[in-house]
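Colleague: Can you keep this structure in mind? I'll have questions shortly.
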Amino acid sequence: MRKKLLRLIRREIHNAAAGHPASLTFKLNNLTDVEVIKALYRASQAGVRVRLLVRSMFSVVPGVLEVSDNIEAKGIVDRYLEHSRILVFGNAGHPEYYLSSADMMMRNLDRRVEIMCPIYDSRLQRELQDFLDIQWADNTKARILDAG
């Protein structure tokens with residue numbers, strides 16, 4: 001899973017370098033894996049728009065000039081623990097949607113059996129995108145995750 005995830009992030013970096021639309025949107029519970037974070041920083045530096053919705057542990061510092069200035073992040077904690085993990089790779093204007101069981105943590109990516117499955121049905125993709133859009137628009141429970 002780690003190899004596939006990093007390959008998809010690298011593809012977005014190559015798309016940005018080629019002048020194609022490039023973006024990453026991740027909705028997770030935790031994001032602490034150093035290798036994934038470094039890949040997200042490289043993506044930001046290449047011009048990839050990175051949007052992160054992370055509920056709990058978060059080790060990225062968004063908005064640092066020339067490091068992570070293309071990374072936006074929010075966290076939403078509500079009454080119930082939420083387990084949805086959605087990953088969207090912009091893919092030069094042809095987004096690919098994935099659901100995953102894993103958070104971006106070393107224990108999940110290296111020492112557990114986790115899955116990441118593609119969602120091909122356009123209706124389900126639209127539903128996932130609507131859900132992400134609703135979460136990005138939240139102005140009640142959301143908090144901005146940044147250096148501050």
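Values quoted throughout were computed directly from the atomic coordinates according to the rules given, and no laboratory measurement underlies them. This one's a predicted model, so the numbers in the text were calculated from it and none came from an experiment. Please note: Cβ atoms are built from the backbone with ideal geometry, for glycine as well, and neighbour counts cover all protein chains shown.
Colleague: Which value in deg cm²/dmol, rounded to the nearest 500, describes the helix-derived mean residue ellipticity at 222 nm for the chain, given -39,500 (n - 2.57) per DSSP H run of n ≥ 4 and division by the residue count?
Modeller: For the chain, the value works out to -10500 deg cm²/dmol.
Colleague: Ok, one more. Restricting to bridges with both residues inside the chain, how much of the DSSP beta-bridge set is antiparallel, in percent to the nearest 5?
Modeller: Expressed as a percentage, antiparallel bridges in the chain total about 55.
Colleague: What do the square roots of 5 times the Cα gyration tensor eigenvalues come to for the range 1-91, in whole Å, largest first, as semi-axes of the equivalent ellipsoid?
Modeller: 22, 14, 12
Colleague: To continue, here is another question. Could you pull out the trypsin sites (Lys or Arg not before Pro) across the range 60-148 that fall in loop regions by DSSP (anything but H, G, I, E, B) with no more than 15 other Cβ atoms inside 10 Å?
Modeller: Loop-located and lightly packed - ARG79, ARG111, ARG112, LYS141.
Colleague: Assuming a strict under-23 Å limit between Cα atoms, what lysine pair count do you get for the chain once near-sequence pairs (fewer than 8 apart, same chain) are dropped?
Modeller: Close lysine pairs under the 23 Å cut-off: 9.
Colleague: Å³ per residue of the Cα convex hull, for the range 88-134?
Modeller: Per-residue hull volume (Cα only) is 88 Å³.
Colleague: How big is the Kirkwood radius of the range 35-76, worked out from every pair of different alpha carbons and given in Å to one decimal?
Modeller: Kirkwood radius, the range 35-76: 10.2 Å.
Colleague: Additional query: For the range 62-146, which chymotrypsin sites (Phe, Trp or Tyr not before Pro) are both in a DSSP coil and crowded by at most 15 other Cβ atoms within 10 Å?
Modeller: TYR80, TYR120
Colleague: Once phi is turned into ³J(HN,Hα) by the Karplus curve 6.51 cos²θ - 1.76 cosθ + 1.60 with θ = phi - 60°, what whole-Hz value does each residue of the range 139-147 show in order, with x for glycine and proline?
Modeller: These are the phi-based 3J(HN,Hα) values: 10, 10, 9, 6, 10, 7, 9, 8, 4 Hz.
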